[in-house]
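See structure below.
FYI, it's all coordinate maths here, none of it is from the lab. This one's a predicted model, so the numbers in the text were calculated from it and none came from an experiment. Every residue, glycine as well, gets a Cβ built from its backbone with ideal geometry; the counts of neighbours run over all protein chains shown.
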Amino acid sequence: IFSGLTAMEKKLAEYKCNTNEAIQLKLVRFPEDLEDENTTFNPEYSHQVFGDDEVAFGYKGLKILLYYIAGNLSTLFRIEYTSKVNEKFDCVEADDVESKIREIIPPGFCTNTDDFVSLLEKEVNFKPFGMLLHTYSIHNEEAGEDITYQIYKADMTCPGFREYHERLQTFLMWFIETASFIDVDDERWNYFLVFEKYNKDGATLFATVGYMTVYNYYVYPDKTRPRVSQMLILPPFQGEGHGAQLLETVHRYYMSSPTVLDITAEDPSENYVKLRDFVLVKLCQDLLCFSPVKLMQGFSQEMVTEAQQKLKINKQHTRRVYEILRLRATNMGDAEQSRSYRLDVKRRLIGPYKKKQRELAKMRRCLRPEEMTNQLNQIDLNLQREQLEESFQQLVSDYRRVLERLAQA
């Protein structure tokens with residue numbers, strides 16, 4: 001029996017495909033991009049669609065093609081495979097891959113290449129949505145020229161934007177670990193979009209680079225607190241500095257509004273925090289309250305007030321900006337300066353531990369002594385010191401990277 005089972009199992013194992021590899025994404029500008037493997041990229045995640053194993057069962061050589069026209073993101077969706085398990089012979093059923101993808105991509109996609117290519121010819125009519133906020137250019141080594149990018153602020157009243165956004169947000173599933181689609185009927189959402197300008201047969205066209213969604217929370221009595229919800233720069237454009245341009249542009253947009261208190265972010269990823277550190281330090285470094293003399297005197301209410309009023313930065317983020325700029329102004333080779341810096345940062349880091357100890361003191365008043373020892377054993381002072389030192393070292397190395405990037409900017 002067992003040998004039969006393993007043979008069957010082996011056979012079925014051949015019909016398992018990793019969905020991160022099977023899904024092939026493209027942003028198409030020219031018909032020849034369809035055949036060019038260099039324009040293909042894959043998801044980082046597919047667990048939200050295909051489960052934690054990120055596996056599709058029932059196919060050999062499975063390819064899930066999701067090709068998008070670079071600008072308006074009209075979609076081609078096709079599934080290809082070399083063979084598929086057959087219920088009659090194998091008594092098992094293949095996963096319904098198609099319906100899983102259909103759940104997240106909006107209807108109205110093409111299923112054959114010819115239709116897709118004929119849509120590509122109409123792409124010359126596509127223009128960005130909304131209001132132009134910022135134009136910048138980046139030198140491209142490969143092309144040997146400067147490429148121009150533009151950032152727009154759009155909303156659901158822009159004709160065609162709702163449908164475009166539905167296509168755009170499907171990328172979140174593949175590149176943000178805990179992505180979710182937003183309620184576009186809520187008018188408190190703002191959308192910021194990045195486009196690249198490119199030439200095709202003498203005409204200027206626009207390609208989608210990435211975007212950010214921001215939710216405007218109401219703060220009593222007459223203010224709002226914009227919160228960055230999701231931000232994505234599409235993989236072909238990552239590492240070129242677009243995230244920093246986008247975040248800085250969004251900050252500048254809200255800075256000009258008297259009703260905005262400050263800008264926050266929802267559940268930020270590590271990469272987002274690094275990006276935000278860089279952008280906020282860049283914005284703050286010229287404020288008077290962050291002059292080297294003042295940095296050496298320690299974190300002050302003046303910094304909090306000035307950063308919030310002028311740049312819409314909240315207290316917690318201002319504190320990080322202060323620590324980064326103070327590191328730049330500190331000679332870490334000088335024992336006294338370096339000790340003073342370390343103590344200053346560690347005092348902030350120890351906050352959560354101190355809070356725990358206050359809670360323990362409260363418990364001590366209402367627990368029996370034997371219950372108490374268990375609780376106390378969990379907080380070992382030596383361990384606390386080690387963890388603190390580790391957090392500090394990690395922080396300083398993150399801060400140094402921000403300062404390096406700043407020096408190159």
Query - Centre separation in Å (Cα based) which lies between the range 199-254 and the range 82-130 - result: 28
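I want the local charge near Val281. Using Cβ-Cβ distances under 14 Å, sum +1 for each Lys or Arg and -1 for each Asp or Glu among the other residues.
+4
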Query raised in the report: On full extension of the chain, what length is gained from Ser338 through Ser300, given 0.36 nm per residue of separation minus the C-alpha to C-alpha distance?
Result: 11.7 nm
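Classify the range 250-409: rounded, prolate or oblate, from the alpha-carbon gyration tensor (a ≥ b ≥ c, eigenvalue square roots; a/c under 1.5 rounded; otherwise prolate if a/b is larger than b/c)?
prolate
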Query raised in the report: For the range 1-140, what Kirkwood radius comes out of the mean inverse Cα-Cα distance, in Å?
Result: 17.5
Query raised in the report: Near Met255, within a Cβ-to-Cβ distance under 9 Å, what is the net charge of the other residues, with Lys and Arg +1 and Asp and Glu -1?
Result: +3
Query - Alpha-carbon centroid distance for the pair the range 270-331 / the range 48-66, whole angstrom - result: 46
Query raised in the report: Under a Cβ-Cβ cut-off of 12 Å, what is the net charge of the residues other than Thr113 that fall near it, where Lys and Arg count +1 and Asp and Glu count -1?
Result: -3
Requested in this report: Go ahead and run the numbers for FRET between Leu349 and Val293, Cβ-Cβ distance against an R0 of 25 Å, rounding to 0.05.
Outcome: 0.50
Requested in this report: Evaluate 2.2 N^0.38 Å with N set to the residue count of the chain, then give the Cα radius of gyration divided by it.
Outcome: 1.22
Query raised in the report: With labels modelled as points extended 7 Å from the Cα through the Cβ direction, what inter-label distance (nm, one decimal) is found for Gln309 paired with His139?
Result: 4.1
**Report entry** the chain: most fluctuating residue of Cys110, Cys91, Cys158 per GNM, C-alpha cutoff 10 Å
**Finding:** Cys91
Query raised in the report: How do the peptides 217-230, 182-195 rank, highest first, by the average count of neighbouring beta carbon atoms within 10 Å per residue?
Result: 182-195, 217-230
Report summary line: Residue span Ser118 to Thr40: 0.36 nm per residue of separation minus Cα-Cα distance leaves a gain in nm of 26.1 nm
Query raised in the report: Where the Cα atoms of the range 127-267 are projected onto their three principal axes, how long is each span, largest first, in whole Å?
Result: 53, 30, 29
